[in-house]
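The values are calculated or read from the model by the stated rules, or taken from the named source; none is laboratory data. Keep in mind that this is a model prediction, so the values were computed, not measured. So basically every Cβ, Gly included, is an ideal-geometry build from the backbone, and we count neighbours across all protein chains shown. Calculation scope for accessible area: heavy atoms of the full protein, side chains included, ligands and nucleic acids excluded. Shrake-Rupley method; radii C 1.70, N 1.55, O 1.52, S 1.80 Å.
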Amino acid sequence: MNDLHDSTSSTATTREIRVDVRPEFLGQCLKTGHMVWVYAYHVTITNLGTETVQLVSRHWIITDGQGEVKEVQGPGVVGEQPVLAPGDSYSYSSG
């Protein structure tokens, strides 16, 4: 049986850069009079290529359990623009 709170990971590779995302259910809270589910997202970005790269912007398309789509764009991630040599990974968490 699949619980709505089960974590499922997602992986995508573009131009030899792999992005692994693992959501984590943190609980529920009351927000503007409604109960909402709160999640953290654990992200690992890995350079599978042969050249050093820098993450300068992000473009995420997030689909929740009800099929609602949210688009997130902006510079870097969590205020950083990491440089990844071949084989390097960068991990961060966000909510």
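When you go through THR32, THR50 one by one, which is the residue that is at pLDDT 95 or above, of a type in the set (Val, Ile, Thr), open to solvent by 50 Å² or more (accessible area, probe 1.4 Å) and over 14 Å from the mean Cα position of the chain (by Cα)? One residue alone meets the criteria, THR50. The single condition from (1) part of a loop (DSSP other than H, G, I, E, B); (2) modelled with pLDDT of 90 or more that SER91 fails is (1).
For region 24-39, the set of residues classified as under 21 Å from SER94 (Cβ atoms), of a type in the set (A, V, I, L, M, F, W, C) and free of Cβ contacts under 8 Å to residues at least 12 places away in the same chain consists of CYS29, VAL36, listed by residue number. Within region 76-88, count every residue that is under 14 Å from the mean Cα position of the chain (by Cα) and in a strand (DSSP E or B). Residues in region 76-88 being under 14 Å from the mean Cα position of the chain (by Cα) and in a strand (DSSP E or B): 1 in total.
State the number of residues belonging to region 66-84 that are of a type in the set (Gly, Ala, Ser) and either closer than 13 Å to VAL19 by Cβ or surrounded by 11 or more Cβ atoms within 10 Å (Cβ to Cβ) (or both). Number satisfying all stated conditions: 1.
Considering the conditions (1) modelled with pLDDT of 90 or more; (2) surrounded by 12 or more Cβ atoms within 10 Å (Cβ to Cβ); (3) among the hydroxyl-bearing types (Ser, Thr, Tyr), TYR39 is excluded by exactly one of them, (1). Per the listing ILE17, ILE61, the residue uniquely in contact with a Lys or Arg (Cβ under 8 Å, 6 or more places away or on another chain) and closer than 30 Å to PRO86 by Cα is ILE61.
Scanning region 7-45 for residues that are at positive phi and among the charged types (D, E, K, R) yields ARG15, GLU16. Considering only region 41-57, I want to know if a residue exists there that is in contact (Cβ under 8 Å) with a residue 40 or more places away in the chain and among the aromatic types (Phe, Trp, Tyr). So far as region 41-57 goes, yes, one or more of its residues are in contact (Cβ under 8 Å) with a residue 40 or more places away in the chain and among the aromatic types (Phe, Trp, Tyr).
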